[in-house]
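Dropping the structure in here first, questions after.
Every read-out reported here was derived from the displayed coordinates using simple, explicitly stated rules and does not represent laboratory data. Since the structure is predicted, the reported quantities are computational estimates derived from the model, not experimental observations. Quick reminder, even Gly has a Cβ in these numbers, built from the backbone with ideal geometry, and neighbours come from all protein chains shown.
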Amino acid sequence: MDSIVDPAIEDYCQNLTSGESALLAELAQATADRTRYPLNLSGKLVGQTLKMLVQLSRSKTVLEIGMFTGYAALSMAEGLPEDGVVYACETNPRSISIGQEFFDRSEHGHKIKVLFGLALDTIPQISGKIDLVFLDADKKKYRHYLDLVLPMMNSGGIVVIDDALWKGKVLDPQEERDQVIADLNRYVYEHPGLENLLLPVRHGINIVRKL
């Protein structure tokens, strides 16, 4: 089961969701044409959800764990003020190269700072508090990432966890990755310092707020 939402409903939502810039659409096409796993792209619904959350929360410092070709990073950068910054963690030089092409063409690209290397190593290099985190990297390390970033965030900070329903497999976990994500959702739900909203957007997003 690759989709947890009726494809016709998902298409309808995509078609009636505003905000995707021409450059983002071009980046999505370039990702489809030039990478082996284009479905790893966040896509319009997730990208515009992130952009709106950045704007509504008035975030200035954003962290993305798992940049891929930069669609989500650029979406969030478009929602940031001129002095805002997106720290984008990525380990694949090819993906970074594609993303940087589009960052260089965007008026918002200067807000994105790519951190090359393992996120657990590069995140501690960030100084100051983080307002919003988008987590979309190695699923088996999700809990490690979350535990690392929460102390770096102020009260009211937001963490958006992608693939939180993992194609519906959290309902009946059969593999380690399924179980890790199901356990993380339970951990977030039961954590006394967090509140969350788990939504069936694409493969699921868990919007978590630090109290």
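Given Cβ point charges of +1 (Lys, Arg) and -1 (Asp, Glu) and nothing else, what value in debye, to the nearest 20, does the dipole of the stretch 69-156 about its Cα centre take?
Working: 9 positive and 12 negative charges, 76 e Å.
Here the size comes out at about 360 debye.
So which trypsin sites (Lys or Arg not before Pro) in the stretch 124-211 are both in a DSSP loop and have at most 14 other Cβ atoms within 10 Å of their Cβ? Please report the intermediate quantities before stating the final value.
Numbers: sites: Lys129, Lys139, Lys140, Lys141, Arg143, Lys167, Lys169, Arg177, Arg186, Arg202, Arg209, Lys210; in loops: Lys129, Arg202.
Within the stretch 124-211, the qualifying trypsin sites (Lys or Arg not before Pro) (loop, at most 14 other Cβ atoms within 10 Å) are Lys129.
What is the extension gain from Leu211 to Asp121, computed as 0.36 nm multiplied by their sequence separation minus the C-alpha to C-alpha distance, in nm to one decimal?
Values: separation 90, 0.36 × 90 = 32.40 nm, distance 2.61 nm.
29.8 nm is the gain from fully extending Leu211 to Asp121.
Where nothing but the Cβ of Lys and Arg (+1) and of Asp and Glu (-1) is charged, how large is the charge dipole of the chain around its Cα centre, in debye to the nearest 20?
Details: 22 positive and 29 negative charges, 79 e Å.
Result for the chain is approximately 380 debye, rounded to the nearest 20.
How many percent of DSSP beta bridges within the chain run antiparallel, rounded to 5? Intermediate results must be reported in sequence, preceding the final value.
Values: 11 of 30 bridges.
Around 35 percent of the beta bridges assigned by DSSP in the chain are antiparallel ones.
Residues with beta-carbon under 14 Å from that of Ile98, excluding Ile98: net charge, scoring Lys, Arg +1 and Asp, Glu -1?
-1
Given the options Leu115, Gln174, Leu23, identify the residue whose Cα lies farthest towards the positive end of the charge dipole of the chain (+1 on Cβ of Lys, Arg; -1 on Cβ of Asp, Glu).
Leu115
In square nanometres, what is one fourth of the surface area of the convex hull spanned by the alpha carbons of the stretch 39-144? Can you show the working numbers first?
Numbers: hull surface 25.6 nm².
Mean projected area for the stretch 39-144: 6.4 nm², to one decimal.
Please compute the net charge surrounding Val188, taking Lys and Arg as +1 and Asp and Glu as -1 over other residues with Cβ under 13 Å from its Cβ.
Working: positive: Arg143, Arg186, Arg209, Lys210; negative: Asp147, Asp183, Glu190, Glu195.
Net local charge, Val188 excluded: 0.
Net charge within 12 Å of Leu135 by Cβ-Cβ distance, Lys/Arg positive one each and Asp/Glu negative one each, not counting Leu135 itself?
-3
In the stretch 34-82, which trypsin sites (Lys or Arg not before Pro) fall in coil by DSSP and have 13 or fewer other Cβ atoms within 10 Å?
The qualifying sites are Arg36, Arg58.
For the stretch 62-126 and the stretch 1-37, what is the separation of their Cα centres, given in Å?
Taking the Cα centre of each part, the stretch 62-126 and the stretch 1-37 sit 19 Å apart.
Determine the equivalent ellipsoid of the chain by diagonalising the alpha-carbon gyration tensor, then write out the semi-axes as square roots of 5 times the eigenvalues, largest first, rounded to whole Å. All intermediate terms of the calculation are to be shown ahead of the outcome.
Working: eigenvalues 110, 92, 57 Å².
They are 23, 21, 17 Å, listed from largest to smallest.
Kindly state, to the nearest 0.05, the FRET efficiency for Leu194 paired with Leu16, given R0 = 35 Å and r defined as their beta-carbon distance. Numbers along the way, then the final one.
On the way: r = 31 Å, r/R0 = 0.90.
The pair Leu194/Leu16 has a calculated efficiency of 0.65.
In percent, how large is the relative contact order of the stretch 1-128, given Cα pairs closer than 8 Å and 6 or more residues apart? Show your work: numbers first, answer last.
On the way: 170 pairs, mean separation 26.8, N = 128.
Computed value for the stretch 1-128: 21 percent relative contact order.
Fully extended, how many nm does the chain gain between Tyr187 and Ser3 (0.36 nm per residue separation, minus their Cα-Cα distance)? Mind dumping the intermediate values first?
Numbers: separation 184, 0.36 × 184 = 66.24 nm, distance 2.43 nm.
Stretched out fully, the Tyr187 to Ser3 stretch lengthens by 63.8 nm.
Please give the calculated 222 nm ellipticity per residue for the chain, where each DSSP H segment of at least 4 residues contributes -39500 (n - 2.57) and the sum is spread over every residue; nearest 500 deg cm²/dmol?
Numbers: 8 runs with 86 residues, N = 211.
Roughly -12500 deg cm²/dmol at 222 nm, from the helical runs in the chain.
Which one, Leu199, Tyr189, Gly156, projects farthest toward the positive side of the charge dipole computed for the stretch 117-211 from Cβ point charges (K/R +1, D/E -1)?
Of the listed residues, the answer is Gly156.
Compute the length gained on full extension between Thr91 and Lys129: take 0.36 nm times their separation in residues and subtract their Cα-Cα distance, giving the result in nm to one decimal.
Values: separation 38, 0.36 × 38 = 13.68 nm, distance 2.32 nm.
Working it through step by step, the gained length comes to 11.4 nm.
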